[in-house]
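Report on one structure; see the data block that follows.
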Amino acid sequence: MSDAHAQPVEKVETGELLTEDQLNRQQVICVRCGSKILPPSTGVYVDDVECELVSMRKEDAGLVEKVTQFYKVDDMFQFDNVGFTHTKDNIKYLSCADCDLGPLGYHELSTKISYLALQRIKYSA
Ligand SMILES: [Zn+2]
């Protein structure tokens with residue numbers, strides 16, 4: 001699934017976002033509708049995986065971004081709420097369960113592990 005045209009995305013500064021155990025400190029919500037996605041201290045920060053995700057911005061329709069910062073979630077039931085956009089090969093792409101915004105990350109069918117992209121979410125105070 002390599003695409004030579006994939007755009008690298010700007011790195012998210014994680015200093016304030018993570019607990020000492022590298023977990024998400026705050027409640028993760030949808031950037032568009034504010035719906036709850038992942039409770040605090042549930043996702044483990046990883047930056048050693050890489051996934052190419054289609055841009056969520058309408059003006060960049062078709063643009064593919066190379067995303068490398070994710071919260072790794074071992075069990076789907078740890079999410080507050082999450083939906084799927086589509087399945088491709090061994091991967092289901094995650095979306096907001098309420099407004100369908102996505103892809104927010106991906107779910108590996110073989111390992112049942114989900115990866116939520118830091119660039120595609122926000123936090124509630
Ligand atoms: Zn939403």
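The values are calculated or read from the model by the stated rules, or taken from the named source; none is laboratory data. Source: prediction; values computed, not measured. Glycine also receives a Cβ, built like all others from the backbone with ideal geometry; neighbour counts cover every protein chain displayed. Calculation scope for accessible area: heavy atoms of the full protein, side chains included, ligands and nucleic acids excluded. Shrake-Rupley method; radii C 1.70, N 1.55, O 1.52, S 1.80 Å.
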Exercise. Is at least one residue of segment 16-23 within 14 Å of GLN119 (Cβ to Cβ) and assigned to a strand (DSSP E or B)?
Worked result: no
Of the candidates ASP47, ASP89, ASP60, ASP98, the one satisfying the condition of being touching a Ser or Thr at 6+ places or on another chain (Cβ under 6 Å), of a type outside the set (Val, Ile, Thr) and closer than 21 Å to HIS5 by Cα is ASP47
Within segment 88-125, the count of residues that are farther than 21 Å from ASP47 by Cβ, open to solvent by less than 30 Å² (accessible area, probe 1.4 Å) and without any contact (Cβ under 8 Å) to a residue 24 or more places away in the chain comes to 1
Taking first residues from segment 75-87 that are surrounded by fewer than 17 Cβ atoms within 10 Å (Cβ to Cβ) and second residues anywhere that are among the aliphatic types (A, V, I, L, M) and at pLDDT 95 or above, the pairs with Cβ under 7 Å that are 6 or more apart or on different chains are ASP80/ILE37; ASP80/LEU38; ASN81/ILE37; ASN81/ALA97; PHE84/LEU94
Considering only strands (runs of 3 or more DSSP E) wholly within segment 65-125, the ones with at least 2 residues that are within 16 Å of the ligand (Cβ to nearest atom) are 83-88, 91-95, 114-117, 122-124
GLU59 vs (1) open to solvent by 40 Å² or more (accessible area, probe 1.4 Å); (2) part of a loop (DSSP other than H, G, I, E, B): all pass except (2)
Item to complete: Return a yes/no flag: does segment 23-38 have any residue that is modelled with pLDDT under 95 and aliphatic (A, V, I, L, M).
Response: no
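Conditions tested, residue by residue: (1) outside any strand (DSSP E or B); (2) more than 16 Å from the ligand (Cβ to nearest atom); (3) open to solvent by less than 20 Å² (accessible area, probe 1.4 Å).
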| residue | (1), (2), (3) |
| --- | --- |
| VAL28 | no, no, yes |
| ILE37 | no, no, yes |
| SER41 | yes, yes, no |
| TYR45 | no, yes, no |
| VAL49 | yes, yes, no |
